[in-house]
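Accompanying notes for the structure given below.
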Amino acid sequence: MKSGITAIYRFKVALKGRRGIWRRIEIRGDQTLADLDRIIRIAFNHDTWDHLGEFYSGKPWYRSGYGEINPNGGGEGAKIPIASLGLQEDDRIGYVYDFGSEIHHYVTLESMSESTDPAARYPLIVSRNNPRYKYCVECAASGKKNVATQVCLDCSTEDGSEPEYICEDCGYADKHEEHFLEDIVY
Ligand SMILES: [Zn+2]
Ligand SMILES: [Zn+2]
């Protein structure tokens, strides 16, 4: 194998605290942390136009970070090539999306290999966990089955035993206008 530059890095990216939620991503060694940041945002339905992201090598993340990355592709850590991190198979780094809500991800390097498909356009999402969908409780009440995209924290029971899962359309209803809706990632 040649130097890391032409290698394809295969990462498994999992949500911290919900490790059953994962995406497998392939990216070229000469692509950058900004490229990886962007594909992770897309893969997990995070905003691609708002909030900072940062990769980090240890903990705490804010002292071991590679530099912040803006959603527009700028920032201190944006131009760092993947290959320059010197990662070996099974090495794990972290990724934090949104310094406010701090959504952490484990980023584990599963393998490095030569690209076998010259037409492939990296980075790529190659696989993901089997989603176990929640369904909208409001639609269910009228006999409809719609996949929930959000949970309304104001309408859920406080102990979390009865989460108010709602679909996109129900989220727009007046009922939830002033409520805090959190996106569901599958
Ligand atoms: Zn609904
Ligand atoms: Zn509500």
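The values are calculated or read from the model by the stated rules, or taken from the named source; none is laboratory data. Fair warning: this is a prediction, and the values are worked out from it, not measured in the lab. Cβ sites come from the backbone with ideal geometry, for glycine too, and all protein chains shown count toward neighbours. Surface areas here come from the heavy atoms of the whole protein model, side chains and all, with no ligands, DNA or RNA. Shrake-Rupley method; radii C 1.70, N 1.55, O 1.52, S 1.80 Å.
Taking the conditions exactly as written (surrounded by 11 or more Cβ atoms within 10 Å (Cβ to Cβ), touching a residue at least 40 places away in the same chain (Cβ under 8 Å), among the aliphatic types (A, V, I, L, M) and within 26 Å of Ala43 (Cβ to Cβ)), does Ile184 satisfy them or not?
Spelling it out, Ile184 is indeed surrounded by 11 or more Cβ atoms within 10 Å (Cβ to Cβ), touching a residue at least 40 places away in the same chain (Cβ under 8 Å), among the aliphatic types (A, V, I, L, M) and within 26 Å of Ala43 (Cβ to Cβ).
Scan (1) touching an Asp or Glu at 6+ places or on another chain (Cβ under 8 Å); (2) of a type in the set (A, V, I, L, M, F, W, C); (3) within 16 Å of ligand 2 (Cβ to nearest atom) for the single condition Ile184 breaks and write down its number.
For Ile184, the exception is condition (1).
In this structure, does Arg19 turn out to be modelled with pLDDT of 95 or more and not in a loop (DSSP other than H, G, I, E, B)?
no
Looking only at region 86-131, which residues are closer than 30 Å to Arg63 by Cβ and among the charged types (D, E, K, R)?
Glu89, Asp90, Asp91, Arg92, Asp98, Glu102, Glu110 - these are the residues of region 86-131 that are closer than 30 Å to Arg63 by Cβ and among the charged types (D, E, K, R).
Say whether the condition of being in contact with an Asp or Glu (Cβ under 8 Å, 6 or more places away or on another chain), in the same structural domain as Ala120 (by TED's automatic domain parsing) and part of a strand (DSSP E or B) is met by at least one residue in region 28-51.
Looking through region 28-51, none of the residues is in contact with an Asp or Glu (Cβ under 8 Å, 6 or more places away or on another chain), in the same structural domain as Ala120 (by TED's automatic domain parsing) and part of a strand (DSSP E or B).
So for region 4-11 (the condition being part of a strand (DSSP E or B), in contact with a strand residue (DSSP E or B) (Cβ under 9 Å, 6 or more places away or on another chain), small (Gly, Ala, Ser) and within 17 Å of Gln88 (Cβ to Cβ)), does at least one residue qualify?
Within region 4-11, one or more residues are part of a strand (DSSP E or B), in contact with a strand residue (DSSP E or B) (Cβ under 9 Å, 6 or more places away or on another chain), small (Gly, Ala, Ser) and within 17 Å of Gln88 (Cβ to Cβ).
Confirm whether Ala78 is outside any strand (DSSP E or B), in contact (Cβ under 8 Å) with a residue 24 or more places away in the chain, open to solvent by less than 20 Å² (accessible area, probe 1.4 Å) and over 26 Å from Tyr186 (Cα atoms).
So Ala78 passes the test.
Please report, ordered by residue number, the strands (runs of 3 or more DSSP E) entirely within region 92-177 with at least 1 residues that are within 16 Å of ligand 2 (Cβ to nearest atom), of a type in the set (Gly, Ala, Ser) and open to solvent by less than 50 Å² (accessible area, probe 1.4 Å).
none
Among the residues of region 98-124, which ones are among the aliphatic types (A, V, I, L, M) and under 30 Å from Glu164 (Cβ atoms)?
Ile103
Cβ-Cβ distance below 9 Å, separation of 6 or more or different chains: which pairs start in region 100-116 with a residue that is among the polar types (S, T, N, Q) and end on one that is in a strand (DSSP E or B) and open to solvent by 50 Å² or more (accessible area, probe 1.4 Å)?
Between residues of region 100-116 that are among the polar types (S, T, N, Q) and residues that are in a strand (DSSP E or B) and open to solvent by 50 Å² or more (accessible area, probe 1.4 Å), the close pairs are Thr108/Lys12; Thr108/Arg92; Ser111/Arg10; Ser113/Arg10; Ser115/Arg28.
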